[in-house]
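**Q** Following this message is one structure expressed as structure tokens.
Just so it is clear, none of the values below were taken in a lab; they were calculated from the coordinates. Keep in mind the model is a prediction, meaning the values are calculated, not measured. Every residue, glycine as well, gets a Cβ built from its backbone with ideal geometry; the counts of neighbours run over all protein chains shown.
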């Protein structure tokens, strides 16, 4: 697993979420019901975090070279 260096520009909660998300992929590889059930145990608001991550990701990519 490779961690994107641009994560350092995200808010701490999103960094934690991304790392947890990737660790859950070690248990469940696909984004299926089981995967999201595991995610929701730690991050009940994961849908909002996904939206925030998309918005931050878009901004980071837009401001890149």
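**Q** Please enumerate the residues belonging to the stretch 21-34 that are assigned to a helix (DSSP H, G or I) and in contact with a helix residue (DSSP H, G or I) (Cβ under 6 Å, 6 or more places away or on another chain). Before the answer, list the steps.
**A** We begin by selecting, within the stretch 21-34, every residue assigned to a helix (DSSP H, G or I); these are 21-24, 33-34.
Correct list: 24 only.
**Q** If you go through the stretch 35-45, how many residues are without any contact (Cβ under 8 Å) to a residue 24 or more places away in the chain, within 21 Å of residue 57 (Cβ to Cβ) and not in a helix (DSSP H, G or I)?
**A** Qualifying residue count for the region: 1.
**Q** A further question on this structure: For the list (1) within 11 Å of the chain's Cα centre (by Cα); (2) under 15 Å from residue 53 (Cα atoms); (3) exposed (fewer than 14 other Cβ atoms within 10 Å of the Cβ), I need the number of the one condition that residue 5 fails.
**A** (1)
**Q** Identify the single condition in (1) free of Cβ contacts under 8 Å to residues at least 40 places away in the same chain; (2) surrounded by 12 or more Cβ atoms within 10 Å (Cβ to Cβ); (3) in a helix (DSSP H, G or I) that residue 48 does not satisfy, given that it satisfies every other one.
**A** Result: residue 48 passes all but (2).
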